[in-house]
Amino acid sequence: LLSARAVFDKTVVLEMLEKTRGIHPLVIGGMSIQHENRSAVIVPDGMGVTKVFEHPTFGFSYLVSWDSATGADQAQDGPKSKPDWHDVQVWRAESRIDNGTTVIARMVARHRSQVPIELSALEAYGLSLYYGGAMIFPEVNNCGLAGVKELERLGANIFARKLTNVTLNNTETANGWNTNAQTKKTVVAMLAKAIRERTIDIPDNEVWQE
């Protein structure tokens, strides 16, 4: 983030690294899905891998992003590589409250782990239920397709992208977010703008370190 070629504002990143150093999550634990997959709660556990910085609030909209880990057998350097991390984030959308004040977008919860993808899917699904059935945006690259299949089995609310079938001259849909050169460039540019203009709030110091 802080390299000479970084697209993120160095001043803001350093400021947020310092600002978030003393911020602690309200709860650390794991998600427990209840009532026949209709609701979920977070169960406190000091060794848990899910952090909640803000509980769901009526009237706000939320979404869940999920970047699933690449296993060692699928990493660029082969089986000798260490697998990376699942990263599930819950975002509260920018909103305008009753007095006309704009509340900026905020990351309100995060799950980060190297657990089997089925367990990470359960955490993502649990977070979705906890935040009012929020739509999940799972990345389908690398191992992501397996995660999408698990979310489909669970009956989760999943983002569906549009696909153009040139042969059949129609438009189809497929669950999950596909990161490619074009979408990555757009996402990075939008994130850089939001950081530079301070229109998002990320309370997790680990994210700024990364």
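The values are calculated or read from the model by the stated rules, or taken from the named source; none is laboratory data. Remember, it's a predicted structure, so these values are computed and weren't measured experimentally. When we count neighbours, we look across all protein chains shown, and the Cβ atoms used for this are built from the backbone with ideal geometry, even at glycine. Ligands, DNA and RNA are excluded from the accessible area calculation, which covers all protein heavy atoms including side chains. Shrake-Rupley method; radii C 1.70, N 1.55, O 1.52, S 1.80 Å.
With r defined as the distance between the Cβ atoms of VAL12 and THR183 and R0 fixed at 22 Å, what FRET efficiency is calculated, to the nearest 0.05? My answer for the efficiency is 0.40.
Averaging 1/r across all pairs of distinct Cα atoms in the stretch 79-210 and inverting the result yields a Kirkwood radius of 16.8 Å. Between GLU206 and VAL41, the modelled labels are 2.4 nm apart [label points 7 Å from Cα along Cα→Cβ]. Ranked by the mean number of other Cβ atoms within 10 Å per residue, highest first, peptides 11-18, 151-158, 120-127 order as 120-127, 151-158, 11-18. For the chain, the relative contact order is 22 percent, taking Cα pairs closer than 8 Å that sit 6 or more residues apart in sequence and dividing their mean separation by the residue count. Entry comment: accessible area of the chain is 59 Å² per residue, from protein heavy atoms only and a probe of 1.4 Å.
Helix-derived [θ] at 222 nm for the chain: sum -39500 (n - 2.57) over DSSP H runs of at least 4, divide by residue count, nearest 500?
-8000 deg cm²/dmol
A protection proxy built from the mean count of other Cβ atoms within 10 Å ranks the segments 34-41, 90-97, most packed first, as 90-97, 34-41. If the segment from MET190 to ASP98 were pulled out straight at 0.36 nm per residue, it would be longer than the present Cα-Cα gap by 30.4 nm.
All other residues whose Cβ lies under 10 angstrom from that of ARG198 are scored, Lys and Arg at +1 and Asp and Glu at -1, for a net of -3. Mind scanning LYS10/LYS162; LYS19/LYS149; LYS162/LYS193; LYS19/LYS162 and naming the pairs with a C-alpha gap bigger than 32 Å? In this structure, LYS10/LYS162; LYS19/LYS149; LYS19/LYS162 exceed 32 Å between Cα atoms. Within the accessible area of the stretch 97-210, the carbon and sulfur atoms contribute 54%, probe 1.4 Å, all protein chains present.
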